[in-house]
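Visitor: Structure incoming, see below.
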Amino acid sequence: MMSSFLFRAMDARAGIFLALMAAVIILVPVGNLLVPETSPFHVPTYAVTLMGKYLTYALLALAVDLVWGYCGILSLGHAAFFALGGYAMGMYLMRQIGTRGVYGDPLLPDFMVFLNWQELPWYWYGFDMFWFAALMVLLVPGLLAFVFGWFAFRSRVTGVYLSIITQALTYALLLAFFRNDMGFGGNNGLTDFKDILGFDIQADTTRAGLFAASGLALVVCFLICRSVTRSKLGKVLVAVRDAESRTRFLGYRVEHYKLFVWTLSAMMAGVAGALYVPQVGIINPGEFAPANSIEVVIWVAVGGRATLVGAVLGAVLVNFAKTWFTAALPDIWLFALGGLFVFVTLFLPKGIVGTLSDGWTALRQRRISSDFGEGSGDPPSQAPQSPGAPANVPPPGPAVSRAGAAHPQPAE
Amino acid sequence: MTRATSLLYLDGVSVAFDGFKALNDLSLTIDPGEMRAIIGPNGAGKTTMMDVITGKTRPDSGEVYFSGAIDLTSEDEAAIAELGIGRKFQKPTVFESHTVWDNLELALKAPRGPFSTLFHVITGAEKTRIENLLELIRLTDKSSELAANLSHGQKQWLEIGMLLAQDPKLLLVDEPAAGMTDAETAETADLLKDIAKDHSVVVVEHDMDFVRSLDVKVTVLHEGSVLAEGSLDHVSADERVVEVYLGR
Ligand SMILES: Nc1ncnc2c1ncn2[C@@H]1O[C@H](COP(=O)(O)OP(=O)(O)OP(=O)(O)O)[C@@H](O)[C@H]1O
Ligand SMILES: [Mg+2]
């Protein structure tokens, strides 16, 4: 059961992606640690960290693609889950500082001493242990998503209304985390980290390790997303996306399906946040900003909805552009991002990956039918696979097009 | 006819939309194994009746029972589908970005929970069942075609196939012949008659030739309640029916 579940995740496209990721995960740290600085192949530490940050963004985009691309839940609040995962990791890192803080308090983080707090709030207990913090990285976003989803999906809040309440959710958290008496460092957030799992957080080796961990987390989550979306459950998700009420009349409890992917996705976002924080060295309430969540949606749209690989590509490309723009033309960035979104919506509605694989399918289609037309043998035995479509079992008949446009339709 | 021995039992069902009575004290009984045709002018409440039976719309008053004992007004769409009531919509609704095969696989009777579907591996029996259905609805060679690329008539048939895949006790079929050619309409009637051999079926249709060829008891709805009931010839002879419907 489990093996066939995982087996489903694999095909040529996943293979290419995994090979690329393996190369990145190995070569970047090698280029940083083993290649001498004088060599043109040396990767400077700041670049390792920057790319590590991109990888965590890619994981966040993957999480959004899972719910938006496959199930039609347009979340404009995923940065909240990301930030919560980040805070859980930040709390662990704060407690690792110990007496090395400015005030040298063995138990209380600096900001608590500054606020004249006498003891550690109960919700900071346990975060001195990595395993506990790691668990919270999954559980806190997961639980919040579960409770939120439970109410939202059961009350059948959908479409733009759901998007708006996800914005409200992240905005509410933003305001809450700004308050000093919440006990999360208020405006300044959590920072001045010293080490993680006993390793100096500034060391090149740690940076490389964090980079590799981010890459690995991305690969694992990618495989999970693939297995999920290519299972029968994945087909139900797409059915919900395209014709939600029709799916209900087939006997599927749509709210359970939504709750499942929504919670899974939130946990992935939490992991992304947890890997992000030690690399950028700070987590503050700004991460909850509603605009952040919207940006993630743009990454996914640029890369291609419901393609998984596209979400990763979109996140990396847009953030690369952002890094370049904010250095070269800082005033232009927001306009460029807005323009990009408009361009993609108008001219590349399927995003980069979606458009490319459509083109590829069409090309193979033509080649197959021309081969067939020349009478060069048996009818083609393999119908080309459509990009977003889950793994398919039917015995392929004569070559048929699967590239046709499918539009979501309301069930009557 | 009493509730206890009925398959579907509606008594005094009323539904109002903003004061407009779409169903007005509607009472109707379907026997186990029966096939019933429902006719009526546009806006008579036929689709609304199906909405009430399948849990999409809650009646303002009245009783709706399935198999004599199950109160459908307190169940939701998924539960009602699981009880064994399948529905084909007036506007064909299939999953457009899925293949024909996947549409059938999704409809196939199987555990509906997320964890069952997550780990589901299609069995040989399921494949055979889907292949048989494909043959029945004449879409075998379209098996891996996206449903979006089907013609209107083919979508109607696919939806009927999905209905059968669910293996329901009662099929509610809303205007199966709409938008079909005469030949397709005749084939659809044959298909439904075939299905009716081992299922209970309620068919809503405007096409009188179609209804005639089904040769079953007909219920005429008008302004949300039953106007007449009986054989097609019997109701056609009813003056009020002629007035509201046939005589237009
Ligand atoms: N959700 C709704 N809100 C408001 N009015 C509605 C709603 N659903 C149906 N109606 C109205 O109720 C009446 C009955 O509609 P219904 O769709 O049941 O008719 P019908 O018999 O199926 O007609 P047709 O033959 O055109 O399909 C119509 O006047 C319709 O406009
Ligand atoms: Mg109708």
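The values are calculated or read from the model by the stated rules, or taken from the named source; none is laboratory data. Since the structure is predicted, the reported quantities are computational estimates derived from the model, not experimental observations. Backbone-built Cβ (ideal geometry, glycine too); neighbour counts: all protein chains shown.
Visitor: Among the residues of region A:141-157, write down those that are surrounded by fewer than 18 Cβ atoms within 10 Å (Cβ to Cβ) and in contact (Cβ under 8 Å) with a residue 12 or more places away in the chain.
Guide: Listed by number, the residues that qualify are A:Phe146, A:Trp150, A:Arg154, A:Arg156.
Visitor: Considering each of A:Leu259, A:Leu250 in turn, give the residue that is under 30 Å from B:Phe115 (Cβ atoms) and surrounded by 24 or more Cβ atoms within 10 Å (Cβ to Cβ).
Guide: Testing whether each residue is under 30 Å from B:Phe115 (Cβ atoms) and surrounded by 24 or more Cβ atoms within 10 Å (Cβ to Cβ) leaves just A:Leu250.
Visitor: Among (1) under 18 Å from the mean Cα position of the chain (by Cα); (2) touching a residue at least 24 places away in the same chain (Cβ under 8 Å), which single condition is B:Lys91 missing?
Guide: Just one mismatch for B:Lys91, condition (2).
Visitor: Assuming B:Thr73 fulfils every condition listed in (1) more than 12 Å from every other protein chain (Cβ to nearest Cβ); (2) more than 16 Å from ligand 1 (Cβ to nearest atom); (3) assigned to a loop (DSSP other than H, G, I, E, B) apart from one, which condition is it?
Guide: (3)
Visitor: Still on this structure, please answer the following. Hey, among the residues in region B:127-139 that are closer than 16 Å to B:Leu191 by Cα and not acidic (Asp, Glu), which one's farthest from the other protein chains (Cβ to nearest Cβ)?
Guide: Of everything passing the filter in region B:127-139, B:Leu136 is farthest from the other protein chains (Cβ to nearest Cβ).
Visitor: Now, a different point. Looking only at region B:22-70, count how many residues are more than 16 Å from ligand 2 (Cβ to nearest atom) and part of a helix (DSSP H, G or I).
Guide: The total comes to 0.
Visitor: What tally of residues in region B:14-65 results from selecting those that are among the charged types (D, E, K, R) and either out of contact with any strand residue (DSSP E or B) (no Cβ under 9 Å at 6 or more places or on another chain) or near ligand 1 (Cβ under 10 Å from one of its atoms) (or both)?
Guide: Total meeting the criteria: 5.
Visitor: Those residues that are modelled with pLDDT under 90 and closer than 15 Å to B:Glu184 by Cβ, I need them from region B:207-223; list them, please.
Guide: B:Asp207, B:Asp209
Visitor: Still on this model: Going by the structure shown, is A:Phe260 closer than 30 Å to B:Lys91 by Cβ, assigned to a helix (DSSP H, G or I) and not hydroxyl-bearing (Ser, Thr, Tyr)?
Guide: Working: closer than 30 Å to B:Lys91 by Cβ: yes; assigned to a helix (DSSP H, G or I): yes; not hydroxyl-bearing (Ser, Thr, Tyr): yes.
Yes.
Visitor: Here's another thing I want to ask about it. Given the criterion modelled with pLDDT of 95 or more, part of a helix (DSSP H, G or I) and in contact with a helix residue (DSSP H, G or I) (Cβ under 9 Å, 6 or more places away or on another chain), identify the matching residue among A:Phe82, A:Phe111.
Guide: A:Phe82
Visitor: Now for a separate question. For region B:83-97, what are the residues that are away from ligand 1 (no atom under 14 Å from the Cβ) and crowded, with 19+ Cβ neighbours inside 10 Å?
Guide: Once the filter is applied, which keeps residues that are away from ligand 1 (no atom under 14 Å from the Cβ) and crowded, with 19+ Cβ neighbours inside 10 Å, region B:83-97 yields B:Gly84, B:Ile85, B:Gly86, B:Thr93, B:Val94, B:Phe95, B:Glu96, B:Ser97.
Visitor: Can A:Thr99 be described as among the hydroxyl-bearing types (Ser, Thr, Tyr), assigned to a helix (DSSP H, G or I) and free of Cβ contacts under 8 Å to residues at least 60 places away in the same chain?
Guide: Against the criterion (among the hydroxyl-bearing types (Ser, Thr, Tyr), assigned to a helix (DSSP H, G or I) and free of Cβ contacts under 8 Å to residues at least 60 places away in the same chain), A:Thr99 qualifies.
Visitor: Mind checking which residues of region B:181-217 are within 16 Å of ligand 2 (Cβ to nearest atom) and crowded, with 18+ Cβ neighbours inside 10 Å?
Guide: B:Val202, B:Val203, B:Val204, B:Glu205, B:Asp207, B:Phe210, B:Val211
Visitor: While we're looking at this one, here's another question. Please tell me if B:Leu146 is more than 8 Å from chain A (Cβ to nearest Cβ) and surrounded by 22 or more Cβ atoms within 10 Å (Cβ to Cβ).
Guide: Spelling it out, it is not the case that B:Leu146 is more than 8 Å from chain A (Cβ to nearest Cβ) and surrounded by 22 or more Cβ atoms within 10 Å (Cβ to Cβ).
Visitor: Name every residue in region A:7-38 that is in a helix (DSSP H, G or I) and over 25 Å from the mean Cα position of the chain (by Cα), in order of residue number. Spell out the reasoning first.
Guide: First pass over region A:7-38, keeping only residues in a helix (DSSP H, G or I): A:7, A:12-33.
Listed by number, the residues that qualify are A:Val30, A:Gly31, A:Asn32, A:Leu33.
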